[in-house]
1. Under 1.5 on a/c is rounded, so check that first for segment 166-280, then, if it is not, pick prolate when a/b is larger than b/c and oblate when it is not; a ≥ b ≥ c are the square roots of the alpha carbon gyration tensor eigenvalues.
2. What does the extension gain come out to for Asp365 and Arg326, with contour length at 0.36 nm per residue minus their alpha carbon separation?
3. Can you tell me which of Ala64, Ala339, Ala95 moves the most in a GNM of the chain? Springs connect C-alpha atoms under 10 Å apart.
4. At 222 nm, what value in deg cm²/dmol follows for the chain if DSSP H runs of at least 4 each add -39500 (n - 2.57) and the sum is divided by all its residues, to the nearest 500?
5. Among rounded, prolate and oblate, which fits segment 258-331 when a ≥ b ≥ c are the square roots of the eigenvalues of its C-alpha gyration tensor, a/c under 1.5 means rounded, and a/b larger than b/c means prolate?
6. Note down the nm distance, to one decimal, between modelled labels 7 Å out along Cα→Cβ at Asp197 and at Leu210.
7. Could you tell me the center-to-center distance, by alpha carbons, between segment 341-387 and segment 229-264 in angstrom?
8. Rank Asp291, Asp196, Asp40 by accessible area, highest first, at a 1.4 Å probe radius?
Amino acid sequence: MFKDKACIVGVGETPFCRKPGSGLSEMGIQLKAAVAALEDAGLKAAQIDGILPFPNVGKAEAFAASLGCENLRFAATLHMGGAAPVGSLRMAAMAVTSGAADYVMVPGGWNGYSGARVRETAATDVNSIPGGEIARDFYMPFGLTAPPQWYALMARRHMHEYGTTAEQFGAVALAMRKHAQLNPAALMHGKPLTMDDYLASPMIASPYRLLDCCVETDGAAAFIVTTVERARDLRQKPVYIMGAAAGQPYPADEITNRADFHRTGLTNAAPEAFRIAGVTPADADFAQIYDCFTFEVIQQLEEAGFCKRGEGGAFVENGGIELGGRLPVNTHGGLLSQAHVLGIAHVVEAVRQLRGEAGARQVADAEIGVVTGWGDFGDGSIAVLRR
């Protein structure tokens, strides 16, 4: 297994923006992030022989041709939506430790503000998500046309079963916004948020208000994985991959007919990742949790084992997931307040925390961090990293 044998050696991001847009193609913006990751690692593009692109926004062959990767010998794309980057981290670790590749690049990004919206993509391309045909035939005709409406079903059910409150959702939004004030690169930097502001924001798809929803963004990020032996000759301190796993709910293409409504891919993946890593959720110094919506932070904290199912609302209250709390979450601001770049920025932030490079938002003496991914109708991925 790849435990402590594979590591992340380079990370890169572009600036994040909304109006008027990036001014670049989705390939162009990802190439900028990839070049930044190469520079961070001290690698040349010709050394990259593995590429794992994000689904539907780029192909490995195009990245290789544009960057000058002359010896591409490992390529794959995981169709898991926002769970793909962390799932690809796992696959990259397996590739470099098995000898399938020496250096694997994982890029991802999009024009999520100036380009096509998810509801448009799902309506016109049933292959864009695993539940595309279900969404087209059974969700959209009844007004469930976009992710806030699909995932509101899960949030409302949790409120019904466990008494989770809007104020607890708001605690997640406030924590992400508070962390963004410490991150000059965050779109919401300089825009603090109060609970009154949150509760006064317009209802989008009950129980989701506007401020429960992530920030549509143009931007990209990338990271590079190699073996510990090769990392010794590179520029940065390696961040070791202790464990990683990925999984899907059943059925993966439909939400409402699941026997266990709250069971997601992360429910299966998290125990495997922690078993491989040889640690427990209680050992984590921080977590970067895929936060497409506020409730998904609560749900993933539960399903990953940081608290019991039904206790996530209480877990996030009173600063529980803020810096200085029991588990700092999304120290960069997350998708809710930094930018939505498909979850890859969560990996970048975890690396910076474990390198001790996070500045004002640095978690003191951070040794172990957890990163999750969430995609489509509940696909899940998770990685346990250490310095």
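1. oblate
2. 12.6 nm
3. Ala64
4. Rounded to the nearest 500, the figure is -10000 deg cm²/dmol.
5. Note, shape of segment 258-331 comes out oblate.
6. Between Asp197 and Leu210, the simple spin-label model gives 1.2 nm.
7. The distance from the Cα centre of segment 341-387 to that of segment 229-264 comes to 12 Å.
8. Asp196, Asp40, Asp291
The values are calculated or read from the model by the stated rules, or taken from the named source; none is laboratory data. Just so we're clear, the structure is a prediction, and the values are computed from it rather than from any experiment. Reconstructed Cβ throughout: ideal geometry from the backbone, glycine too, with neighbour counts over all protein chains shown. We work out accessible area using only protein heavy atoms, side chains counted, and drop any ligands, DNA or RNA first. Shrake-Rupley method; radii C 1.70, N 1.55, O 1.52, S 1.80 Å.
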